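K.L.:
Quick one: structure below, then a few questions.
The values are calculated or read from the model by the stated rules, or taken from the named source; none is laboratory data. As the structure is a computational prediction, the values presented were derived from the model and not from experiment. Please note: Cβ atoms are built from the backbone with ideal geometry, for glycine as well, and neighbour counts cover all protein chains shown. Protein only, heavy atoms only, side chains kept; ligands, DNA and RNA dropped before computing areas. Shrake-Rupley method; radii C 1.70, N 1.55, O 1.52, S 1.80 Å.
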Number of protein chains: 2
Amino acid sequence: MSSPEPAPPPAEPGEKLLAEIREQPLALARLLEHEAEYARVAAAARDRGATTVRMVGHGSSDNAAAFGVYAFGLLPGWTALRDSITLTVYYGAELDMAGSTALGLSQSGQTPDVVEYVERARRSGAFTIALTNDPASELADRAEAVLPLGAGAERSIAATKTYLNQVAALGLLAAHAAGRGRAFAEELRVVAGQLEELIPALERSVPQIALAFTFVGRMFVIGRGPEFATAREIALKLLETCRIAAEPLTATDLAHGPVAALDPLFPVWTIASHDDSLPAVVEAAGRVREAGATLVATGDAADAIAGADYVLRTPRPPSPLLSPLLSVVPGQLFAWALARAKGLDPDSPAGLSKVTLAL
Amino acid sequence: MSSPEPAPPPAEPGEKLLAEIREQPLALARLLEHEAEYARVAAAARDRGATTVRMVGHGSSDNAAAFGVYAFGLLPGWTALRDSITLTVYYGAELDMAGSTALGLSQSGQTPDVVEYVERARRSGAFTIALTNDPASELADRAEAVLPLGAGAERSIAATKTYLNQVAALGLLAAHAAGRGRAFAEELRVVAGQLEELIPALERSVPQIALAFTFVGRMFVIGRGPEFATAREIALKLLETCRIAAEPLTATDLAHGPVAALDPLFPVWTIASHDDSLPAVVEAAGRVREAGATLVATGDAADAIAGADYVLRTPRPPSPLLSPLLSVVPGQLFAWALARAKGLDPDSPAGLSKVTLAL
């Protein structure tokens, strides 16, 4: 008489999220297998003179697009914008998009209004690109060019590896447009190695810090320049997995109003990286401290933030533009750990589903 | 023996803010005295082919710019973007701005990085415009063209009449660029009349509602399309005068993560106007209600939001694009009343000064 098979162990809360955070160095390496396609698509955009880059996406995809503004601005010197989907799709505005590259960002390639936007942008004369994990998706089908994200099947509801690869992909495309794609790809390989070491180290240090935030209901997340994308992404993770009203702000935004809301129960997460915006971030952190708020300093220039209550350093990448690929990780792991401390399952956020199909 | 002069009565908390909210119909009328200048500058931009509109400003000015995206997109069909000041001023990105109009928004005309941006944009080939209350300011001096806001001296720290006039000014400029400025100006006159009636009515109804929010620490403010500017502006007023962590979201943003944070202690302010985005706003409100959150419905389509806990209707303007000029007022008065209910003085927000000089 054989005993029955033991039942599989119950899922650990947040295990999918953690698995995908850990997978990020590998995901980045997979993206780089597609480098030739990025080079080809960048050349096509350049040949067409499509140097205004209109990026559209929701949630984490839109956050990655905020990085794209800097990648295209700093590398080929192109104007990139997070375009309004509503303007084109809901209101039917007729914009002349000749001279534009329209870049639809969607993990699944199924987001309806992103698909619809790309279709309309194509009719309006834009060079259209789908940036997606699924090169067989509807979005890929409608666009003239497809750039595979290579992040691999996403099982977690809160995006992590997809976001990381979107940021890297936009950087790679911008670098190829600027004629320095090869060097950028090499730098991405270095960052993948840095992530390999960073993630396990943060897994050890972050949970203890997160514990102190168990009863926090609101936070600001401050980043400037390319790190504003990181601030947006970390704030979104905190919102969706920890139910914290977390608002992303640039260092300058803070001074224009929100600083008035701060008090000792309103912690501020600061991302400080070694680039020309660092003095503004340091100054903003000073105002936070004056207001008596708890201050978390992260990024490769975390030590520049005087008087921080908590410090989570990240390694310095080969060039400053790549820092968002590293500085987002403390936030991802903090959200994962804090959700658990709050008794929430980050793999089952209330009211969210994997693919958001509603317009 | 004469008794000493009686001391002047102490300032009533928020009296400056309230005075400027009340002044808005008049401020709008003053803007319209400058209509000819708007017509002239729009013609200059058109003649130069400067049809990509780069708007820069901080705080309320940046919120008004979010309206500009729709005004220029829907009226002349131009691409307008809230450009990154950081990219140009801090990182020194060299963008080709031929074919661009660069529009600096600053109440005082003194905001240093806005002045610096406009100067650099001019060198990069943009047609530069200063939109300011002070046509003798540094910003006005650096730009090729000056558009007076006409809002009059601003004494309150939280902007209200300046924001309203910035929105109207961007609309007027866009309408003239589209060859229908005269009609738009007439519509603005109608709105000024609607504001005359709306403001006293809301002054009577809003304080009682605000009282119920005395202990609220976080809120979402939802608006879509041109009303996203309104959502941003109302959230900023709540942050700076009421110390509420208020986050502006589009109806679609909400579904991509933040909905997971909602609970009955997390109220949501919804702006519903009669335009093509109304179904998306109604659907988002439905999700808010399902999450058990308290729902405030405002705007000229407030009645389309089923099951709202509080309703603050605004009149329907002559055309949908003008609705943000009316729908912002309930939020302004709510912030004023709620700050007082919380025992705060909206005329003295912690840590803020009138002109933000820091970069």
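K.L.:
Take B:Leu236 and tell me if it is within 14 Å of chain A (Cβ to nearest Cβ) and open to solvent by less than 10 Å² (accessible area, probe 1.4 Å).
P.N.:
No: the conditions fail for B:Leu236.
K.L.:
Which residue, of B:His256, B:His274, is away from chain A (no Cβ under 12 Å), open to solvent by 10 Å² or more (accessible area, probe 1.4 Å) and more than 30 Å from B:Gly343 (Cβ to Cβ)?
P.N.:
B:His274
K.L.:
Okay, next question. Identify the residue in region A:221-233 that is part of a helix (DSSP H, G or I) and of a type outside the set (A, V, I, L, M) and, among all such residues, is farthest from the other protein chains (Cβ to nearest Cβ).
P.N.:
That would be A:Thr230.
K.L.:
Just give me the residues in region B:324-358 being under 28 Å from B:Tyr70 (Cα atoms) and modelled with pLDDT under 95, in sequence order.
P.N.:
B:Val355, B:Thr356
K.L.:
Going through region A:47-66 one residue at a time, which ones are assigned to a loop (DSSP other than H, G, I, E, B), of a type in the set (D, E, K, R) and within 21 Å of B:Phe228 (Cα to Cα)?
P.N.:
Passing the criteria: none in range.
K.L.:
Check B:Ala285 against each of (1) buried (at least 24 other Cβ atoms within 10 Å of the Cβ); (2) within 10 Å of chain A (Cβ to nearest Cβ); (3) over 25 Å from B:Gly14 (Cβ atoms); (4) among the small types (Gly, Ala, Ser) and name the one condition it does not meet.
P.N.:
Every listed condition holds for B:Ala285 apart from (2).
K.L.:
Turning to a different aspect of this structure: Can you say whether B:Gly307 is more than 30 Å from B:Gln107 (Cα to Cα) and either away from chain A (no Cβ under 11 Å) or in a loop (DSSP other than H, G, I, E, B) (or both), as far as the supplied structure shows?
P.N.:
So B:Gly307 passes the test.
K.L.:
Would region A:87-100 turn up any residue that is touching a residue at least 40 places away in the same chain (Cβ under 8 Å), within 23 Å of B:Glu94 (Cα to Cα) and touching a helix residue (DSSP H, G or I) at 6+ places or on another chain (Cβ under 6 Å)?
P.N.:
Yes: region A:87-100 contains one or more residues that are touching a residue at least 40 places away in the same chain (Cβ under 8 Å), within 23 Å of B:Glu94 (Cα to Cα) and touching a helix residue (DSSP H, G or I) at 6+ places or on another chain (Cβ under 6 Å).
K.L.:
B:Glu247 fails exactly one of the following numbered conditions: (1) at pLDDT 90 or above; (2) crowded, with 23+ Cβ neighbours inside 10 Å; (3) more than 8 Å from chain A (Cβ to nearest Cβ). What is the number of that condition?
P.N.:
For B:Glu247, the failing item is (3).
K.L.:
A further question follows. For region B:259-271, which residues satisfy the criterion of being more than 9 Å from chain A (Cβ to nearest Cβ) and surrounded by fewer than 24 Cβ atoms within 10 Å (Cβ to Cβ)?
P.N.:
Narrowing region B:259-271 to residues more than 9 Å from chain A (Cβ to nearest Cβ): B:264, B:267-271.
Listed by number, the residues that qualify are B:Pro264, B:Pro267.
K.L.:
Within the group B:Leu173, B:Leu74, which residue is at pLDDT 95 or above and in contact with a Pro (Cβ under 9 Å, 6 or more places away or on another chain)?
P.N.:
Going through B:Leu173, B:Leu74 in turn, the sole match is B:Leu74.
K.L.:
Right, something else. What's the total number of residues in region A:303-318 that are open to solvent by 70 Å² or more (accessible area, probe 1.4 Å) and touching a residue at least 12 places away in the same chain (Cβ under 8 Å)?
P.N.:
Qualifying residue count, region A:303-318: 3.
K.L.:
Now for a separate question. Which one of B:Ser319, B:Ser348, B:Ser273 is in contact with a Ser or Thr (Cβ under 7 Å, 6 or more places away or on another chain) and of a type in the set (Gly, Ala, Ser)?
P.N.:
Of B:Ser319, B:Ser348, B:Ser273, the one residue that is in contact with a Ser or Thr (Cβ under 7 Å, 6 or more places away or on another chain) and of a type in the set (Gly, Ala, Ser) is B:Ser273.
K.L.:
A further question on this structure: Quick test for you: out of A:Gly73, A:Gly109, A:Gly104, pick the one residue that is surrounded by 20 or more Cβ atoms within 10 Å (Cβ to Cβ) and in contact with an Asp or Glu (Cβ under 7 Å, 6 or more places away or on another chain).
P.N.:
A:Gly109
K.L.:
If you check B:Leu321 against the conditions, is it modelled with pLDDT of 95 or more, of a type in the set (A, V, I, L, M, F, W, C), on the phi < 0 side of the Ramachandran plot and open to solvent by less than 10 Å² (accessible area, probe 1.4 Å)?
P.N.:
no
K.L.:
In addition: Name, by its number, the condition in (1) open to solvent by less than 10 Å² (accessible area, probe 1.4 Å); (2) assigned to a helix (DSSP H, G or I) that does not hold for B:Gln208.
P.N.:
Condition not satisfied by B:Gln208: (1).
K.L.:
Restricting attention to region A:130-151, which residues are within 19 Å of the chain's Cα centre (by Cα) and buried (at least 23 other Cβ atoms within 10 Å of the Cβ)?
P.N.:
Restricting attention to region A:130-151, the residues satisfying the condition of being within 19 Å of the chain's Cα centre (by Cα) are A:130-134, A:147-151.
Selection gives A:Ala130, A:Leu131, A:Thr132, A:Leu147, A:Leu149, A:Ala151.
K.L.:
Pick out the one residue from A:Glu196, A:Glu227, A:Glu203 that is of a type in the set (Asp, Glu), open to solvent by less than 40 Å² (accessible area, probe 1.4 Å) and under 20 Å from A:Thr314 (Cβ atoms).
P.N.:
Within the list A:Glu196, A:Glu227, A:Glu203, the selection yields A:Glu227.
K.L.:
Continuing with this model, one more query. I'm trying to understand the selection: among the residues of region B:262-303, which are in contact with a helix residue (DSSP H, G or I) (Cβ under 7 Å, 6 or more places away or on another chain) and assigned to a loop (DSSP other than H, G, I, E, B)?
P.N.:
Passing the criteria: B:Leu262, B:Ala272, B:Ser273, B:His274, B:Asp275, B:Ser277, B:Ala291, B:Asp300, B:Ala301.
K.L.:
Checking the structure you have, find out if any residue of region A:152-161 is in contact with a Lys or Arg (Cβ under 7 Å, 6 or more places away or on another chain), surrounded by 24 or more Cβ atoms within 10 Å (Cβ to Cβ) and of a type in the set (Val, Ile, Thr).
P.N.:
No - not one qualifying residue is present in region A:152-161.
K.L.:
Within region A:67-121, can you find the residues that are facing another protein chain (nearest Cβ under 9 Å) and in a helix (DSSP H, G or I)?
P.N.:
Once the filter is applied, which keeps residues that are facing another protein chain (nearest Cβ under 9 Å) and in a helix (DSSP H, G or I), region A:67-121 yields A:Val69, A:Tyr70, A:Gly73, A:Leu74, A:Ile85, A:Thr86, A:Leu87, A:Thr88, A:Asp113.
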